[in-house]
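The values are calculated or read from the model by the stated rules, or taken from the named source; none is laboratory data. This one's a predicted model, so the numbers in the text were calculated from it and none came from an experiment. A quick note on method: Cβ atoms are made from the backbone with ideal geometry, for glycine too, and the neighbour counts reach across all protein chains shown.
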Amino acid sequence: MPTEDEINEISGKIIGCAITVHRRIGPGCLESAYTPCLALEFCKAGLDFRREVSLTLRYDDLVIPRAYVADFIVDEVVVVEIKAVTATTQRDRRQLQTYLEVHGAPLGLVLNFGARMIVDDIIRAVNNFPNGTRPQPITAAL
C-alpha cells in the first residue's frame, strides 16, 4: 500500500491531468468527451489506471455483479468519478463514498468538468486514509 505522501502525489497528478483536459476542451461537453482525454493524460503522466471498473455489491448472501461502475481506479488507491454538470451535489459525494467502501480504496475524487474552473468543484473523499479498508471482490461484467 502506498504511503500517505505517495497517495497525495498520485492525487496531485490526477488533478493536474484534469486541469490539462479542462483547459483544452473547456466546460460544456458530455462526460463521454472528457473520459478518453483524461485517460490519455493519465498515460502521459505515467499513471496506472483502469477505466469503467465494475464493482460488486454484496448484501447478505446476495451478490450483485456490476452494481456500480467507477469511471477510473488509479494505482488501485484512488477512485475517480467524472461529472460534467453545473455543480456537484451531496449525491455525488455519497456515490463516491459508496465506491470507496465497496472497492476499499483510501481516496476518491469527483472531477467536475462542467464547472467554469475545474479546481473550484473537486470533491475529495477518504476511506480510512491512507490505508483504505478491506476491499470487496470486484467482478467483471457478464
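Residue 55 meets the conditions (1) touching a residue at least 60 places away in the same chain (Cβ under 8 Å); (2) farther than 21 Å from residue 106 by Cβ in every case but one. The failed one is (2).
For the range 96-110, which positions are closer than 18 Å to residue 12 by Cα and assigned to a loop (DSSP other than H, G, I, E, B)? Passing the criteria: 105, 106. Just one of the numbered conditions (1) touching a Leu at 6+ places or on another chain (Cβ under 7 Å); (2) buried (at least 16 other Cβ atoms within 10 Å of the Cβ) is not true of residue 64: (2).
Do we find a residue being surrounded by 16 or more Cβ atoms within 10 Å (Cβ to Cβ), out of contact with any strand residue (DSSP E or B) (no Cβ under 6 Å at 6 or more places or on another chain) and closer than 17 Å to residue 126 by Cα anywhere in the range 34-44? Checked against the condition, which is being surrounded by 16 or more Cβ atoms within 10 Å (Cβ to Cβ), out of contact with any strand residue (DSSP E or B) (no Cβ under 6 Å at 6 or more places or on another chain) and closer than 17 Å to residue 126 by Cα, the range 34-44 yields no hits at all.
Among strands (runs of 3 or more DSSP E) entirely within the range 1-95, having at least 3 residues that are of a type in the set (D, E, K, R) singles out 49-59. For the range 77-105, a residue qualifies if it is over 17 Å from residue 30 (Cβ atoms), small (Gly, Ala, Ser) and either buried (at least 23 other Cβ atoms within 10 Å of the Cβ) or modelled with pLDDT of 95 or more (or both), and exactly one does: 105. (1) out of contact with any Leu (no Cβ under 9 Å at 6 or more places or on another chain); (2) crowded, with 18+ Cβ neighbours inside 10 Å: which one isn't true of residue 131, the others all being true? It is condition (2) that residue 131 fails.
The residues listed here are 72, 49; of these, the one that is touching a helix residue (DSSP H, G or I) at 6+ places or on another chain (Cβ under 6 Å), under 18 Å from residue 96 (Cα atoms), aromatic (Phe, Trp, Tyr) and crowded, with 17+ Cβ neighbours inside 10 Å is 49. Criterion first (under 21 Å from residue 1 (Cα atoms) and either part of a strand (DSSP E or B) or in contact with a helix residue (DSSP H, G or I) (Cβ under 9 Å, 6 or more places away or on another chain) (or both)) does residue 124 satisfy it? Yes: the conditions hold for residue 124.
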